[in-house]
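Asks: Handing you a structure now.
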Amino acid sequence: MANNKQYGIGTNMIHAGVTPDPSTGAIMTPIFQTSTYVQSAPGEHQGYDYSRAGNPTRQALEDALAGIENGKFGLAFGSGVAATDAVLRLLAPGDEIIAANDMYGGTYRLFEKVYVKFGLKFTYVDMKSVDNIANAITANTKLVWTETPTNPLINITDIAAVAAIAKKNNILLCVDNTFASPYLQNPLNLGADIVMHSATKYLGGHSDVVMGALIVNDKSLRDELFFIQKSVGAVPGPQDCFLVLRGIKTLHVRMDRHCENGAKVAHALKNNDKVAKVYWAGFEDHPGHEIAKKQMRNFGGMISFELKDDSPENVKRVLCSTKLIALAESLGGVESLINHPATMTHASIPREERIKNGLTDGLIRLSVGIEDVADLIEDLNQAIG
Ligand code: P1T
């Protein structure tokens, strides 16, 4: 934004980091579809030399990401897992990471199947209790990796409490803020060092782009991550950056509807006598409800549930019976999606590990979209049967 005035959160979504194009006045950031930039003499250029290192469309997005997370620096990556990968590259063999025992299956796969062989050690703990994190710290712990709310069990971690422990022990805290989005939760305000997003989800908002993001306050951390971004090269193209920039402009409006619909769907499921359990942090008896109320502005549109008849046949029947709600991986788009974590998004976690942490074979996850909520509830009720 052109001045230093503090604006409201919705205004920020539309204007943070974005200025009209100085060469044309175009109000929308142009898609700078270029790989390189002409130099007037060797090393003399207008701030950009090669698009892996920097691109004006990506820069506008990175500035917007920083603005909406109330951070100083944003960095965009080719996917959410590429952003996670960049954080892990801050570490060295022998370093230890304390990670949530409930999180996106692809994050677990990256940790266990890619990074263990490079000498990183991961300890998974139930982050509902901050003591579990404190007890897992060793002299080699360099990073705490948390997701809140978690994917798919909607567990809540007390970010401020974890940040205090991390700070005391000189450990970095990275929060995957994908499920909440920057509209509902700002982990940097609560003391986190790094915020990570799968921008594929609520930030993009329209299921048409795959992208990741990191936001930090510390300049030297930003410089290290920028060096990794440029050296490893997992950068998004300018067209995708444009799409996410456009998505962010309506994030607040979409999230309000995701939250409103999410609450109604959660209650409808709770009232359905064929449903055994509903996971949604807005319920007063949810173990993380009070913390969620404290650190989030609302409870979001992600819900998981289990059926009383959780036989594989019945679970599959329900998953295949929705007419409006599509069976698909991903989340955070305007359209509602239904997903079976055990065989889809979290299939890379060994079954034994999943079950131990509460992710049952029967769990069904919903990304509640922004359609008319009565249509969604009717669709779910007819599918549950
Ligand atoms: O898919 P990608 O943009 O690479 O982001 C990975 C990722 C990271 N963190 C969380 C919390 C996520 O949910 C994801 C991606 N998740 C799905 C595709 C899914 O359906 O759960």
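Asks: Give a residue-ordered list of calculated ³J(HN,Hα) values for the stretch 315-329 (Karplus: 6.51 cos²θ - 1.76 cosθ + 1.60, θ = phi - 60°; whole Hz; x for Gly, Pro).
Replies: Each residue's phi maps through the Karplus curve to give 4, 5, 4, 5, 4, 9, 9, 6, 9, 8, 7, 7, 7, 6, 6 Hz.
Asks: What do you get for Rg/Rh over the stretch 9-248 if you use C-alpha atoms and the Kirkwood form of Rh?
Replies: When Rh is taken as the Kirkwood radius, the ratio is 0.98.
Asks: How high is the relative contact order of the chain, in percent, with contacts defined as C-alpha pairs under 8 Å that are six or more residues apart?
Replies: Worked out over the chain, it gives 17 percent.
Asks: Compute the Cα gyration tensor for the stretch 1-110, then decide on rounded, prolate or oblate, letting a ≥ b ≥ c be the square roots of its eigenvalues: rounded whenever a/c is under 1.5, prolate when a/b is larger than b/c in the other cases, and oblate in all that remain.
Replies: Taking the square roots of the gyration eigenvalues as a ≥ b ≥ c, the stretch 1-110 is oblate.
Asks: OK, next. Equivalent-ellipsoid semi-axes (√(5λ), Cα gyration tensor) for the stretch 35-167, whole Å, largest first?
Replies: For the stretch 35-167, the semi-axes come out at 34, 18, 14 Å.
Asks: Tell me, what ³J(HN,Hα) does each residue in the stretch 355-363 have, in order and in whole Hz, if you take phi through Karplus 6.51 cos²θ - 1.76 cosθ + 1.60 with θ = phi - 60° and put x for Gly and Pro?
Replies: Calculated HN-Hα couplings, in order: 5, 4, 8, x, 8, 7, 5, x, 5 Hz.
Asks: Still on this structure, please answer the following. Cut-off 10 angstrom, C-alpha nodes, Gaussian network model of the chain. Which of A266, A347, A292 fluctuates the most?
Replies: Evaluated over the chain, the most mobile residue of the options is A347.
Asks: Which links in K113/K230; K5/K201; K167/K201; K167/K356; K128/K293; K201/K316 stretch past 18 Å when you go from one Cα to the other?
Replies: K113/K230; K5/K201; K167/K201; K167/K356; K201/K316
Asks: So, how do all the Cα-to-Cα distances of the stretch 346-385 break down into 5 Å bins, in percent, from 0 on up?
Replies: So the P(r) values, bin by bin, are 5, 18, 21, 16, 11, 16, 12, 3.
Asks: Please label the shape of the stretch 117-272 as rounded, prolate or oblate, based on the square roots a ≥ b ≥ c of the eigenvalues of the alpha-carbon gyration tensor (a/c under 1.5 means rounded; beyond that, a/b larger than b/c means prolate, else oblate).
Replies: Oblate is the answer for the stretch 117-272, as a/c is 1.5 or above yet b/c matches or exceeds a/b.
Asks: Would you work out if the stretch 114-178 is rounded, prolate or oblate? Take a ≥ b ≥ c from the square roots of the eigenvalues of the alpha-carbon gyration tensor; rounded if a/c is under 1.5, else prolate when a/b is larger than b/c, oblate otherwise.
Replies: Because a/c hits 1.5 or more and a/b fails to exceed b/c, the stretch 114-178 counts as oblate.
Asks: Dipole of the stretch 9-248, Cα-centred, from +1 at each Lys and Arg C-beta and -1 at each Asp and Glu C-beta, to the nearest 20 debye?
Replies: Result for the stretch 9-248 is approximately 220 debye, rounded to the nearest 20.
Asks: Hey, what's the per residue convex hull volume over the C-alpha atoms of the stretch 251-384, in cubic angstrom?
Replies: Per residue, the Cα convex hull of the stretch 251-384 comes to 110 Å³.
Asks: If you don't mind, there's one more thing I want to ask. Out of the total accessible area of the chain (probe 1.4 Å, heavy atoms of protein only), what percent is carbon and sulfur?
Replies: Here carbon and sulfur together make up 53 percent of the probe-accessible area.
Asks: Which value, in Å², gives the accessible area per residue of the chain when a 1.4 Å probe is used on the protein heavy atoms?
Replies: Result: 43 Å² of accessible area for each residue.
Asks: Right, here's the next one. With θ taken as phi - 60° and the coefficients 6.51, -1.76 and 1.60, list the Karplus ³J(HN,Hα) couplings across the stretch 72-89 in order, rounded to whole Hz; mark glycine and proline as x.
Replies: 8, 9, x, 9, 9, 10, x, 6, x, 5, 5, 5, 4, 4, 5, 5, 5, 6
Asks: May I pose another question? How far is helix 219-232 tilted, in degrees, relative to the longest principal axis of the Cα atoms in the chain, given as a value from 0 to 90 rounded to the nearest 10?
Replies: Compared with the principal axis, the helix lies near 90 degrees.
Asks: Also, I was wondering about something else. Could you tell me how many degrees, from 0 to 90 and to the nearest 10, lie between the Cα long axis of helix 159-168 and the main elongation axis, the longest principal axis, of the Cα atoms of the chain?
Replies: The angle comes out at about 60 degrees.
Asks: In whole Å, how far is the Cα centre of the stretch 279-357 from that of the stretch 127-149?
Replies: 24
The values are calculated or read from the model by the stated rules, or taken from the named source; none is laboratory data. Values in this document were obtained by computation on a predicted structure and should not be read as measured data. A quick note on method: Cβ atoms are made from the backbone with ideal geometry, for glycine too, and the neighbour counts reach across all protein chains shown. In case anyone asks, the SASA skips ligands and DNA or RNA and just uses the protein heavy atoms, side chains included. Shrake-Rupley method; radii C 1.70, N 1.55, O 1.52, S 1.80 Å.
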